[in-house]
Amino acid sequence: MSKWWLLGRGEKAKLEDRRREAISDITGERLSVELIAQRPRRATDTLDNALLANVLERLKDIEESAKRATNTDELEDLTDDAELQGLFSGYICPVTEMHDEGKLANDLIEWWGVPKTETTKLHNLFDEKLALSENSTEAHF
């Protein structure tokens, strides 16, 4: 049973502020997935429509849960769930753009201050895996 009526006025405002942030974050993840899916791709690089539909449905469910959440911890968990769903965009990214997306992710990690030696290792590993996948019909990720 919801304890919404027990929250003080300031707590209600804090919860609503966090709810707006969470819904914005969830919407951002959905838009990111949708934009990746809309990118042009080769005829041989088919989009996994079932995965896309599943991810979008799950993000919709997460957003609905955020609208009903009764505390900030729950909203934080839902935001984390949405972020995890957003990671599936890597599985629907056109093959021709995977290198650019990997480089952008690596650049972001460097911006966070992770030592260059570590990001170089990640970059090299990514390049090796990408090369393997381009030379094989099986994914090696």
**Q.** Among T27, G86, T96 the positive-end extreme of the charge dipole of the chain (Cβ point charges)
**A.** T27
Q.
Can you work out the Karplus-derived ³J(HN,Hα) for every residue in region 117-125? Use 6.51 cos²θ - 1.76 cosθ + 1.60 with θ = phi - 60°, whole Hz, and x for glycine or proline.
A. 4, 6, 5, 5, 4, 4, 4, 5, 4
Q | Cα centroid separation, region 35-78 to region 101-125 (Å) | A | 26
(Q) Starting from a Cα-only point model with no solvent, please compute log10 I(q)/I(0) by Debye for the chain at q = 0.12, 0.15, 0.17, 0.19 1/Å. (A) -0.64, -0.87, -1.00, -1.11
Q: Kindly state, to the nearest 0.05, the FRET efficiency for E118 paired with E76, given R0 = 22 Å and r defined as their beta-carbon distance.
A: 0.20
Q: Please list the radius of gyration and Dmax for region 31-101, considering alpha-carbon atoms only, with Å as the unit.
A: 14.2, 46
Q) Could you work out the helix-only [θ] at 222 nm for the chain, with each DSSP H run of four or more residues adding -39,500 (n - 2.57) and the total divided by the number of residues, to the nearest 500 deg cm²/dmol? A) -24500 deg cm²/dmol
Q: Note down the nm distance, to one decimal, between modelled labels 7 Å out along Cα→Cβ at K14 and at E64.
A: 3.0
Q: Classify region 57-137 as rounded, prolate or oblate, taking a ≥ b ≥ c as the square roots of the eigenvalues of its Cα gyration tensor: rounded when a/c is under 1.5, otherwise prolate if a/b is larger than b/c and oblate if not.
A: oblate
Q. What is the magnitude of the charge dipole of the chain about its Cα centre, with +1 placed on the Cβ of each Lys and Arg, -1 on the Cβ of each Asp and Glu, and no other charges, expressed in debye to the nearest 20?
A. 460
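Every number here is computed from the coordinates shown, using simple stated rules; none is lab data. Quick caveat: nothing in here was measured; it's all calculated off a predicted structure. As a convention, Cβ positions derive from the backbone with ideal geometry for all residues, glycine included, and neighbour counts pool all protein chains shown.
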